[in-house]
Amino acid sequence: MLTLKTGIINKHVGNSIEQEGYEMRLIKERELEEVVALQGLVYSKLPNKQVLYIDSYDEMMTDMKLGAKIIGVFNQSQELIAYRYVGFPGYDNKNLGNDIKLPQKELNKVAHLETTVVHPDYRGNGLQSLTLQEMIPVIQELGYKHLLCTVSPQNYFSLLNIMKNGLKIKALKKKYASESGTDGLWRFILHRNLEPVSMLNPRELFKTAISDIEKQERLIREGFIGYWLFKESKELSYVRFEGV
Ligand SMILES: CC(C)(COP(=O)(O)OP(=O)(O)OC[C@H]1O[C@@H](n2cnc3c(N)ncnc32)[C@H](O)[C@@H]1OP(=O)(O)O)[C@@H](O)C(=O)NCCC(=O)NCCS
């Protein structure tokens, strides 16, 4: 099995920390049960269930058969401790390119960053970021160029990690309406073009609290992009570029 990366990570054991070896590699279909079990465990421990929209075994298996990739992180006992799941929606309605008005011809070059979970004992090792950095060359090799994902405004850690990796907020709306049994869950829609793009000059900048949904909706409507998340103040900067 092709190893993407190995290294040493910290494991929280009670009040102390132990170091352990890990291996990152692509998950096989036969390992999907472990993925779903880890997702269930992480979900059960979440204080705010709204931040994670979970996928069923069948949904993930169907998606894998259509080409979805999952990077798994295994500890030295070969237990799955984290994973990152990426899907390729093609021209399906769920393609997030539709939410950010990506041109029709670009839709089949979209990769969706679906769920990422890290076992609570192994948080703080940067695994959300590391798995993304390992996944990008896999995605590029398959010929995809747009990274898109949704993040809950209530999921500060995930938003920080995603924006640190160059994805920008292009939309803010309610998603998963019928499936979630509510009128939908607020989600940022973030995007990064993996191909080099020409830099535009910033024209205007605003800072806002992540929680101020109304203000952000207005800024996005006026052509602003959520550009950076400040770690200390937990504020987002929104930028509008010249020519927009
Ligand atoms: C979001 C998530 C994947 C990030 O895990 P990670 O890669 O280990 O996070 P990081 O290494 O960037 O953590 C940075 C810091 O934030 C802390 N942290 C990360 N996630 C945290 C959480 N959910 N609650 C409290 N603190 C958290 C870490 O302990 C670390 O603190 P430290 O710097 O003092 O050590 C993980 O929190 C998680 O599995 N959450 C539940 C599922 C989820 O929301 N997934 C994303 C949406 S699909």
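Only the coordinates and a few stated rules stand behind these numbers; no lab work does. Model, not experiment: these values are computed from the prediction. So basically every Cβ, Gly included, is an ideal-geometry build from the backbone, and we count neighbours across all protein chains shown.
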Problem set entry | Separation of the Y156 and I17 label points, Cα + 7 Å toward Cβ, nm | 1.9
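List every DSSP H helix in the chain whose Cα atoms extend 15 Å or more along the helix's own long axis and whose mean Kyte-Doolittle hydropathy is at least -0.5.
32-44, 127-141
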Exercise. Which longest uninterrupted range of the chain lacks any chymotrypsin sites (Phe, Trp or Tyr not before Pro) assigned by DSSP to a loop state (not H, G, I, E or B) and surrounded by at most 12 other Cβ atoms within 10 Å?
Worked result: 92-229
For this session: Mind checking which lysines have their Cα closer than 30 Å to the Cα of K105? Skip sequence neighbours fewer than 8 apart in that chain.
Result: K65, K69, K94, K145, K164, K168, K170, K173, K174, K175
